[in-house]
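K.L.:
One structure, as structure tokens, below. Some questions next.
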Amino acid sequence: MPIETIMVVGAGQMGSGIAQVAAQSGHSVILHDIKAELAERGRAAIEQRLSRYVEKEKMSGEEKAGVLSRLRLSTELEHVRQADIVIEAVTEKMEVKADLFRRLDEMAPTEVILASNTSSLPITEIAAETGRPDRVIGMHFMNPVPVMKLVEIIRGLATSDGVSREVENLARAMGKTPVEVKDFPGFVSNRVLMPMINEAIYTVYEGVATPEAVDEVMKLGMHHPMGPIQLADFIGLDTCLYIMETLYEGFGDPKYRPCPLLRQYVKAGWLGRKTGRGFYAYD
Ligand code: CAA
């Protein structure tokens with residue numbers, strides 16, 4: 001049975017992006033958040049992006065209306081009863097996700113797949129909160145979701161082959177390329193990306209080069225679309241620090257120690273684009 005109805009829990013930047021690509025690929029989408037205004041904000045972000053596609057003649061007005069008609073907003077977790085899969089995209093805190101997965105597990109019919117968009121928390125631990133660890137899996141989308149092709153599929157210790165296949169097929173149906181990885185700290189994406197970003201911040205900290213120079217080296221020299229410092233600001237410096245700490249704790253290896261300058265920026269509340277200031281200033 002192909003997946004038809006997708007419930008996305010969390011209507012922030014990642015959740016609204018996931019809901020958008022799900023609705024664009026013909027799925028029926030329930031976009032959930034705890035408050036109606038947060039769900040509405042997610043919908044407004046989607047509508048704004050779709051309008052831009054219409055302006056650029058990449059989508060017709062009818063297609064836009066069709067996408068929006070497949071999107072329903074919800075503040076009731078019970079709506080999970082109408083879904084085939086949940087994709088969770090709430091805050092990266094284990095206690096928040098654990099509580100959410102326990103509640104979803106109680107309410108959702110037994111066949112519903114519970115997926116998490118976590119960028120670094122262990123899927124096996126989230127799955128252990130539920131009575132269906134074989135039906136819990138990681139679906140890690142990249143930011144910005146409508147643009148980036150990858151979905152990292154993270155198999156927990158108990159995830160079944162069948163669920164893994166269903167979720168890979170869903171990622172393909174959403175126009176993405178799934179890549180399966182095992183459940184170890186940082187998975188593959190952040191285990192490789194974050195130490196590079198952290199090292200780039202070390203080069204600034206040690207006075208080797210300015211943020212601009214580091215970014216220029218990596219953009220022009222390695223053909224990266226954004227330099228690592230610019231990318232850190234884009235992802236959020238708090239998220240970068242959190243993931244480095246997860247790697248450091250998870251492997252106990254000093255090569256993952258977060259740069260003190262990264263810690264200092266986070267303490268200052270300079271979190272990057274979202275706060276208007278990080279290594280760069282934004283209006
Ligand atoms: N949402 C939707 N679409 C967006 C977008 C957004 N936030 N930002 C840009 N786009 C679209 C634009 O509309 C444009 O589309 P068209 O080509 O169809 O017109 C296209 O992307 C290119 O945009 P721009 O010309 O404005 O800018 P750009 O060429 O510099 O691309 C970028 C912007 C796609 C963000 C590019 O800089 C890039 O790929 N950056 C690296 C992003 C990256 O590495 N993401 C992974 C982060 S790590 C992560 O997500 C995992 C984690 O756990 C932390």
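K.L.:
Once you list every other residue whose beta carbon is under 12 Å from the beta carbon of ILE201, what net charge do they have if Lys and Arg are +1 and Asp and Glu are -1?
P.N.:
Values: positive: ARG257, ARG263; negative: GLU199, GLU206, ASP215, ASP233.
Overall, the nearby charge balance is -2.
K.L.:
Of all the accessible heavy-atom surface of the stretch 5-72, with the other protein chains kept in place and a 1.4 Å probe, what percent is carbon and sulfur?
P.N.:
Answer for the stretch 5-72 is 48 percent, counting heavy atoms of protein chains only.
K.L.:
Carbon-plus-sulfur fraction of the accessible area of the stretch 114-167, 1.4 Å probe, in percent?
P.N.:
Working: 1070 of 1860 Å².
Exposed carbon and sulfur together represent 58 percent of the surface.
K.L.:
Let me ask something else about it. What are the extents of the Cα atoms of the chain along their three principal axes, in Å, largest first?
P.N.:
The principal-axis extents, from largest down, are 55, 46, 32 Å.
K.L.:
Report, to one decimal in Å, the Kirkwood hydrodynamic radius for the stretch 1-153 based on all distinct Cα pairs.
P.N.:
Details: mean 1/r = 0.0644 Å⁻¹.
Radius from the Kirkwood sum: 15.5 Å.
K.L.:
Quick check for the chain: number of Lys pairs with alpha-carbon distance under 19 Å, counting only pairs 8 or more apart or on different chains? Walk me through the numbers on the way to the answer.
P.N.:
On the way: LYS35/LYS93; LYS35/LYS97; LYS56/LYS64; LYS58/LYS149; LYS58/LYS176; LYS93/LYS267; LYS93/LYS274; LYS149/LYS176.
For the chain, the number of qualifying lysine pairs is 8.
K.L.:
Still on this structure, I have one more. Please report, to one decimal in angstroms, the Kirkwood hydrodynamic radius of the stretch 190-273 built from all distinct Cα-Cα pairs.
P.N.:
Averaging 1/r across every pair of different Cα atoms and inverting gives 12.7 Å.
K.L.:
On to the next question. What does the net charge come to around HIS224 if you take all other residues with beta carbon closer than 11 Å to its beta carbon, with K and R at +1 and D and E at -1?
P.N.:
Numbers: positive: LYS219; negative: ASP215, GLU216.
Around HIS224, the charge tally is -1.
K.L.:
In whole percent, how big is the carbon plus sulfur part of the accessible area of the stretch 190-273, probe 1.4 Å, protein atoms only? Numbers along the way, then the final one.
P.N.:
Values: 2510 of 4340 Å².
Here carbon and sulfur together make up 58 percent of the probe-accessible area.
The values are calculated or read from the model by the stated rules, or taken from the named source; none is laboratory data. Keep in mind that what you see is a predicted model, and the values were worked out from it rather than measured. Heads up, the Cβs are rebuilt from the backbone with ideal geometry, glycines too, and the neighbour counts pull from every protein chain shown. Calculation scope for accessible area: heavy atoms of the full protein, side chains included, ligands and nucleic acids excluded. Shrake-Rupley method; radii C 1.70, N 1.55, O 1.52, S 1.80 Å.
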